[in-house]
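Please read the structure below before turning to the comments.
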Amino acid sequence: MADGPTVLDVRDLKVVFATRAGEIHAVNRVSFDLKAGELLGVVGESGSGKSVTMMALLGLLPSPPAEIRSGQVLFEGEDLVTCGARRLKAIRGHRIGFVFQDPMTSLNPVFTVGFQIMEPLRRHLGLDKARARRRAAELLDLVGIPDASRRLGDYPHQFSGGMRQRVMIAIALACEPRLLIADEPTTALDVTIQAQILELVRDLRRSLGMAIVWITHDLGVIAGIADRVMVMYAGQVVEMAPVRDLFADPRHPYTRALLATVPSVRGPRADKLQAIDGQPPLLLAHPAACSFAPRCAHAAGSCAVANPPRRPVMPAHEVACVFDMARARPAPVLDVAHG
Amino acid sequence: MAEPSAAPAAAPLVSVRDLKVHFPILSGVFRRRTGAVRAVDGVSFDIAAGETLGLVGESGCGKSTTGRAMLRLVEPTAGTVRIGDDDITTAPPGHLRRLRPAMQMVFQDPQASLNPRMTVMDIIAEPLDEHTRLSRAEKRDKVLDLMDAVGLSADFAGRYPHAFSGGQRQRIGIARALALNPRFIVCDEPIAALDVSIQAQVVNLLEDLQARFGLTYLFISHDLSMVRHIADRVAVMYLGHIVEIAPRDDLFAAPLHPYTEALLSAVPEHDPAAEATRQRIILTGDVPSPARPPAGCAFSTRCPKVQPVCRTTAPATVVTAPGRAVACHLVAGPAAAGSVGAS
Ligand SMILES: Nc1ncnc2c1ncn2[C@@H]1O[C@H](COP(=O)(O)OP(=O)(O)OP(=O)(O)O)[C@@H](O)[C@H]1O
Ligand SMILES: Nc1ncnc2c1ncn2[C@@H]1O[C@H](COP(=O)(O)OP(=O)(O)OP(=O)(O)O)[C@@H](O)[C@H]1O
Ligand SMILES: [Mg+2]
Ligand SMILES: [Mg+2]
């Protein structure tokens with residue numbers, strides 16, 4: 001799947017928010033790429049900059065307070081950071097579909113759900129009203145909403161949380177985009193409907209070669225659908241790996257701590273859930289040292305001195321840590337020069 | 001009405017009987033009522049003081065509506081809800097307002113429930129302003145305590161909701177719900193937007209508060225591994241009905257209702273190797289709409305074990321073991337008690 005042409009290439013993206021308390025460095029030099037048909041899973045601490053990264057590359061952050069301080073976002077070769085608002089508007093919702101984390105605020109409460117699904121079909125694809133309507137009903141049906149044609153006339157508040165989320169997915173898929181950016185798209189869905197959506201996404205990848213960025217806290221979903229996984233912490237990518245390697249052999253201490261916190265439905269039931277102690281940093285400046293060090297069980301003096309760059313530890317597997325947490329070597333091993 | 005067929009061991013704090021919430025369907029130029037969405041269609045259950053009842057089920061099956069109706073955030077069409085000595089369904093507005101501090105809700109949609117023009121400090125302090133006489137300083141301390149309890153840095157107190165990530169916003173909602181030391185909290189997908197580590201923090205927090213103050217929870221979630229962790233008993237809902245209710249361990253070890261079986265089998269493994277070998281029951285058939293529920297058993301259109309009788313007759317709810325009940329024609333029990341979900 002991963003050998004198609006590159007659809008998205010994000011390089012060194014940095015996003016800063018201006019606030020009364022000073023600057024907040026929410027996204028710090030994030031780089032990743034994505035090929036046609038590939039699904040990149042994005043996981044990471046709440047507040048680590050997953051949503052801000054994606055909003056920034058879609059040009060959806062209000063400025064001020066947000067500022068893209070550096071970086072390129074190449075979508076099929078075109079830089080979205082510099083292409084201008086009009087051009088972006090033509091691409092968004094057409095060749096790039098997106099699902100936001102918060103469905104109630106991204107759906108407009110005063111328009112019917114049908115209108116909101118038909119809008120991109122009419123605007124980008126030029127469908128007439130009747131055809132757009134038929135297609136909208138098909139899309140609602142595709143995301144598993146019963147009684148689809150009748151429900152086109154309903155308003156968002158008449159839908160359940162999970163249904164609203166599926167409406168967002170239907171809108172994102174309406175124009176069969178080249179790239180789908182999905183930010184926590186299934187948080188409100190039960191497992192059976194989630195499975196149905198994941199199946200749909202799999203089909204679209206196969207049939208349309210759609211490239212997908214899928215942000216989620218659900219590692220079970222990641223395990224099931226991702227090709228590669230990007231792990232974020234404090235606005236940085238701390239680990240990037242093929243999905244099997246990430247689960248079998250996580251190399252960054254944050255990733256390892258994260259995987260250790262997941263409870264299971266099938267294994268033994270723990271009395272107390274594990275959490276990672278401490279809090280993430282406030283990011284009032286560009287991190288000069290490893291941001292995870294204050295919470296890291298393996299931190300050493302060197303961690304406070306420099307911010308370790310991402311480096312390959314295995315084929316296609318990169319880690320931003322001065323240590324290498326290989327499974328075969330559970331004790332930290334210092335293997336790069338720094339300082 | 002029969003006694004609740006799957007009562008908790010201790011005396012109930014919350015008891016729900018034959019609760020129904022029907023939304024009218026209006027159509028035509030005159031917006032005439034042409035039907036109803038039977039979002040909640042006769043559910044009954046109890047929750048003991050200090051207990052957590054998990055509520056799970058398909059998207060759109062009526063979980064949020066049940067939770068909202070229990071706190072009268074939406075008007076029930078029929079049925080009763082008692083919390084302690086109070087009948088919530090008939091309480092007049094003034095009385096209801098006095099009861100409010102004791103019963104709170106953490107909402108599914110954090111952003112929509114936070115006022116964008118208020119700082120976090122003000123949002124969390126709002127219920128304190130309304131229902132307590134604390135001094136400014138006391139209020140401030142209390143808010144900072146609450147923020148600390150849900151893992152939000154005190155430095156965030158002056159920020160507005162839009163400056164927070166989804167997970168951070170959800171924690172603001174939880175802090176606000178806890179502000180008045182409620183007895184009963186409806187948690188509607190309280191952790192869906194959080195990363196697993198913070199999910200663990202919040203769940204541990206909810207458990208600590210429960211142990212310290214004897215809180216009672218209705219915990220609505222589609223995350224079955226979390227439900228298994230936090231719930232004492234679990235109710236499974238399908239199309240407005242409760243199809244199975246059971247102590248947690250029994251439910252996860254041996255689900256009785258075919259829908260529960262399918263639901264549990266659909267949980268993904270967080271390990272690609274195990275995930276590749278997982279056996280899944282895939283449901284096919286028409287997903288019914290609560291505006292036009294099927295005749296007979298609500299699950300009959302998709303049930304892999306469906307029998308002719310299922311398409312004509314709604315199953316009675318049978319108690320199969322102490323604290324355990326199921327509404328399915330294929331499950332025989334010692335006694336029919338008909339109060340958990342069958343209509
Ligand atoms: N308008 C803003 N002003 C200031 N800070 C902001 C603003 N928007 C976002 N942030 C901060 O940027 C950081 C990254 O937020 P983001 O929403 O990307 O997190 P996330 O990784 O998506 O988290 P979650 O998993 O909880 O959704 C957070 O610390 C947040 O507080
Ligand atoms: N105000 C309303 N008007 C009309 N129908 C409504 C209204 N609110 C909810 N419904 C319908 O009632 C049903 C149950 O909705 P509810 O929000 O309770 O589902 P849920 O189980 O919480 O789902 P989810 O897991 O997706 O949040 C849905 O079919 C929904 O469309
Ligand atoms: Mg986010
Ligand atoms: Mg809901």
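The values are calculated or read from the model by the stated rules, or taken from the named source; none is laboratory data. Because the structure is predicted, anything quoted here is derived from the model rather than measured. Glycine also receives a Cβ, built like all others from the backbone with ideal geometry; neighbour counts cover every protein chain displayed.
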task = Please enumerate the residues belonging to the range A:174-214 that are touching a Gly at 6+ places or on another chain (Cβ under 8 Å) and among the aliphatic types (A, V, I, L, M).
result = A:A174, A:L179, A:L180, A:I181, A:A188, A:L189, A:I193, A:I197, A:L198, A:M210, A:A211
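Each row is one residue, and each column tells you yes or no for (1) modelled with pLDDT of 95 or more; (2) aliphatic (A, V, I, L, M); (3) assigned to a strand (DSSP E or B); (4) within 16 Å of ligand 4 (Cβ to nearest atom).
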residue: B:V16; (1), (2), (3), (4): yes, yes, yes, no
residue: B:V21; (1), (2), (3), (4): yes, yes, yes, yes
residue: B:F30; (1), (2), (3), (4): no, no, no, no
residue: B:T80; (1), (2), (3), (4): yes, no, yes, no
residue: B:T90; (1), (2), (3), (4): no, no, no, no
request  = Might you let me know whether the range A:188-199 holds any residue that is away from chain B (no Cβ under 14 Å) and either within 16 Å of ligand 1 (Cβ to nearest atom) or buried (at least 18 other Cβ atoms within 10 Å of the Cβ) (or both)?
outcome  = no
request  = Report the residue count in the range A:68-87 for those that are exposed (fewer than 15 other Cβ atoms within 10 Å of the Cβ) and among the acidic types (D, E).
outcome  = 2
message = I'd like to check something: does the range A:79-99 contain any residue that is at pLDDT below 90, in contact with a Lys or Arg (Cβ under 7 Å, 6 or more places away or on another chain), closer than 30 Å to A:S63 by Cβ and more than 16 Å from ligand 1 (Cβ to nearest atom)?
response = no
task = Would you mention how many residues in the range B:34-65 are within 12 Å of ligand 2 (Cβ to nearest atom) and either free of Cβ contacts under 8 Å to residues at least 40 places away in the same chain or polar (S, T, N, Q) (or both)?
result = 3
query = Would the range B:186-209 turn up any residue that is surrounded by fewer than 20 Cβ atoms within 10 Å (Cβ to Cβ), more than 25 Å from A:V262 (Cα to Cα), more than 16 Å from ligand 3 (Cβ to nearest atom) and without any contact (Cβ under 8 Å) to a residue 40 or more places away in the chain?
reply = no
query = Looking at B:T34, B:T119, B:T90, B:T80, which is the one that is out of contact with any helix residue (DSSP H, G or I) (no Cβ under 7 Å at 6 or more places or on another chain) and under 23 Å from B:A177 (Cβ atoms)?
reply = B:T119
query = What residue, among those in the range B:54-73 that are more than 11 Å from chain A (Cβ to nearest Cβ) and either touching an Asp or Glu at 6+ places or on another chain (Cβ under 7 Å) or in a loop (DSSP other than H, G, I, E, B) (or both), is nearest to ligand 3 (Cβ to nearest atom)?
reply = B:G67
inquiry  = When the residues of the range B:170-201 are narrowed to those that are within 12 Å of chain A (Cβ to nearest Cβ) and not in a helix (DSSP H, G or I), which ends up nearest to B:I124 (Cα to Cα)?
reply    = B:P190
ask   = With respect to A:H286, is the statement that it is surrounded by fewer than 24 Cβ atoms within 10 Å (Cβ to Cβ), touching a residue at least 40 places away in the same chain (Cβ under 8 Å) and more than 16 Å from ligand 3 (Cβ to nearest atom) true?
value = yes
key: 2 or more residues more than 20 Å from B:L19 (Cα to Cα) and away from chain A (no Cβ under 11 Å): qualifying strands (runs of 3 or more DSSP E) within the range B:228-337   = B:318-321
message = Looking at the structure I just gave you, is B:V56 more than 16 Å from ligand 4 (Cβ to nearest atom) and modelled with pLDDT of 90 or more?
response = no
task = Say whether the condition of being within 16 Å of ligand 4 (Cβ to nearest atom), touching a His at 6+ places or on another chain (Cβ under 6 Å) and not small (G, A, S) is met by at least one residue in the range A:180-190.
result = yes
request  = Considering only the range A:207-229, state which residues are touching a Leu at 6+ places or on another chain (Cβ under 9 Å) and more than 14 Å from chain B (Cβ to nearest Cβ).
outcome  = A:M210, A:A211, A:I212, A:V213
